[in-house]
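One structure below.
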Amino acid sequence: MDMQKIGLLGFGTMGAGIAQLIAQSGRDVLVLETAQERIDAGMVFLADFLSGGVARGKITEADSETIKGRVHGVLEVEDLAGVELVIEAVTENPAAKKSLLSKVSSVVGADVPILTNTSALSVTDLATSVENPGRFAGLHFFNPAPLMKIVEIVRALETDDGLVETLVSFVESIGKEPIVVKDRPGFLVNWLLMPYLNDVIQAYDEGLATAEDIDVAVRLGLGHKQGPLELLDLIGLDVHHHATTSAYGATLDPTFAPPPLLRQLVAAGHLGNKNGKGFRTGGKVTE
Ligand SMILES: NC(=O)c1ccc[n+]([C@@H]2O[C@H](COP(=O)([O-])OP(=O)(O)OC[C@H]3O[C@@H](n4cnc5c(N)ncnc54)[C@H](O)[C@@H]3O)[C@@H](O)[C@H]2O)c1
């Protein structure tokens with residue numbers, strides 16, 4: 001496998017991180033955005049991240065310049081003709097993603113793999129928007145993409161076996177650890193995480209312990225690096241609420257049902273770190 005020219009859709013938080021990873025692996029990246037300002041913003045984000053790496057002695061200034069030089073912004077889907085693999089990382093809106101994927105699939109070669117970085121949408125459903133869905137799969141990076149080691153390769157109902165093998169090599173070639181997972185709500189990591197966080201919220205609501213002690217228990221008793229309530233504040237209570245509600249809707253599995261306290265907190269505007277109102281952040285909203 002020697003894919004040298006990669007197409008990327010979206011240059012936001014995830015797009016910038018993914019562009020950096022691919023450019024670091026020696027490949028050229030064409031990033032499609034909706035406006036020149038979005039391309040400029042993505043380049044600033046990427047440059048800032050690389051500067052941090054230079055400051056910490058992880059990469060040289062020269063490497064940073066080379067990496068930036070491999071990333072090129074484009075504004076027309078047609079500019080992606082000739083890429084050898086496409087990764088979609090645009091805003092999480094199913095209709096907008098499908099419309100873009102459909103256009104892209106008619107511009108790139110019929111066998112060019114097209115991958116989505118969606119967190120919560122069905123990969124099998126998104127695959128229906130491309131010609132030849134056997135070349136479609138999920139490639140789920142974690143945030144921040146340059147630092148998080150794992151990438152989930154999501155096998156949709158019609159994904160070709162050969163594509164999965166290609167993606168395992170591709171993920172390894174950008175220095176990440178691939179895991180292959182079925183197309184289910186939350187894939188694997190979030191499939192495991194959502195019921196756990198719901199249980200923790202329920203335990204807290206029932207007064208088993210204070211928020212701080214629950215985090216201490218998980219850090220010291222289970223050896224996790226982060227307590228679950230700190231993690232919820234970081235993720236955003238609204239983001240977890242949306243994800244677990246959507247997984248519950250798709251499966252009717254009660255472990256995904258959003259706990260009543262979570263629903264109340266989100267309705268009252270307690271969103272976690274992003275507005276300083278969370279289980280462990282400022283405001284002491286729940287204690
Ligand atoms: N942020 C996370 O923690 C995270 C983690 C894993 C996966 N994801 C997934 O990655 C995807 C992107 O998330 P994000 O956090 O980077 O979002 P973001 O809002 O930071 O960036 C999305 C970018 O897509 C661009 N865009 C929208 N429509 C476009 C179009 N038609 N053509 C080209 N560009 C377009 C926007 O201008 C924006 O710059 C989503 O599907 C999200 O679910 C996010």
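The values are calculated or read from the model by the stated rules, or taken from the named source; none is laboratory data. For clarity, every value in this text was computed on a predicted model and none was experimentally measured. Don't worry about glycine lacking a Cβ; one is built from the backbone with ideal geometry, like all the others, and counts go over all protein chains shown.
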- Within region 28-69, work out how many residues are part of a loop (DSSP other than H, G, I, E, B) and either of a type in the set (Ser, Thr, Tyr) or under 17 Å from residue 89 (Cβ atoms) (or both). 4
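Conditions (1) outside any loop (DSSP other than H, G, I, E, B); (2) in contact with a helix residue (DSSP H, G or I) (Cβ under 6 Å, 6 or more places away or on another chain), marked per residue:
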| position | (1), (2) |
| --- | --- |
| 209 | no, no |
| 225 | no, no |
| 229 | yes, yes |
| 245 | yes, no |
| 255 | yes, yes |
| 263 | yes, no |
- Would region 55-68 turn up any residue that is within 11 Å of the ligand (Cβ to nearest atom) and touching a residue at least 24 places away in the same chain (Cβ under 8 Å)? no
- Query: Name the pairs whose Cβ atoms lie under 9 Å apart, with the first residue in region 84-103 and in the same structural domain as residue 10 (by TED's automatic domain parsing), the second within 10 Å of the ligand (Cβ to nearest atom) and of a type in the set (Phe, Trp, Tyr), and 6 or more positions between them or separate chains?
  - Reply: 87/141; 89/11; 89/141
- Note on the structure: Going through region 161-177 in order, the residues found to be buried (at least 16 other Cβ atoms within 10 Å of the Cβ) and either over 20 Å from residue 7 (Cα atoms) or among the aromatic types (Phe, Trp, Tyr) (or both) are 170
- Selection within region 22-43 - over 21 Å from residue 79 (Cβ atoms) and not small (Gly, Ala, Ser): 24
- Message: If I filter region 81-94 for residues that are more than 29 Å from residue 124 (Cβ to Cβ), within 10 Å of the ligand (Cβ to nearest atom), in a helix (DSSP H, G or I) and not aliphatic (A, V, I, L, M), do I get at least one hit?
- Response: no
- Message: Just to be sure before I move on: is residue 35 in contact (Cβ under 8 Å) with a residue 40 or more places away in the chain and within 18 Å of the chain's Cα centre (by Cα) in the structure I sent?
- Response: no
- Condition broken by residue 103, with the remaining ones in (1) within 11 Å of the ligand (Cβ to nearest atom); (2) of a type outside the set (Phe, Trp, Tyr); (3) assigned to a helix (DSSP H, G or I); (4) in contact with a Ser or Thr (Cβ under 9 Å, 6 or more places away or on another chain) satisfied: (4)
- Item | Matching entry among 186, 236, 269, 221 (being on the phi > 0 side of the Ramachandran plot, among the small types (Gly, Ala, Ser) and surrounded by fewer than 17 Cβ atoms within 10 Å (Cβ to Cβ)) | 269
- Mind listing whichever residues of region 126-158 are within 15 Å of the ligand (Cβ to nearest atom), exposed (fewer than 15 other Cβ atoms within 10 Å of the Cβ) and not in a strand (DSSP E or B)? 143, 144, 147, 148, 149
